[in-house]
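Chemist: My questions will all concern the structure given below.
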Amino acid sequence: MTLTSRKSFTKRSEMFGLSFFEMSVIGIIAVVLFGGNLPEVARKFGHSYSQLRRSLHDVQQQFREAQRDVDQAMAVDDRPKSGSKTAMYDDEQDDAPEPSAPKFTPPS
């Protein structure tokens with residue numbers, strides 16, 4: 001067995017980043033701690049985990065909706081007005097006269 005095949009073998013034998021030995025130790029500790037209540041505890045844990053995921057999904061959905069609303073509002077604000085120059089700043093006036101300088105006459 002070469003080094004590369006040994007690495008791929010160990011990666012395939014791991015689940016959730018834990019080796020078989022680590023998973024066995026966790027299982028033994030769970031049985032010792034919870035004993036006969038282990039199925040009930042696992043069910044409660046699964047239910048709590050699914051509620052957490054649902055809540056996170058709802059929060060993410062609210063953020064996506066808020067981002068979509070902001071993007072739509074920004075798109076409406078960014079549209080150029082018809083028949084006028086696009087103002088770089090809000091305080092610019094579209095009807096401001098062009099600045100004029102006095103005509104230069106060279107000395108004779």
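Chemist: Testing K103 on (1) charged (D, E, K, R); (2) at pLDDT below 80; (3) exposed (fewer than 10 other Cβ atoms within 10 Å of the Cβ), one condition comes back false. Which one is that?
Modeler: (2)
Chemist: For V41, only one of the following conditions fails: (1) in contact with a helix residue (DSSP H, G or I) (Cβ under 8 Å, 6 or more places away or on another chain); (2) modelled with pLDDT of 90 or more. What is its number?
Modeler: Every listed condition holds for V41 apart from (2).
The values are calculated or read from the model by the stated rules, or taken from the named source; none is laboratory data. Keep in mind that what you see is a predicted model, and the values were worked out from it rather than measured. Virtual Cβ from ideal backbone geometry, glycine too; neighbours counted across all protein chains shown.
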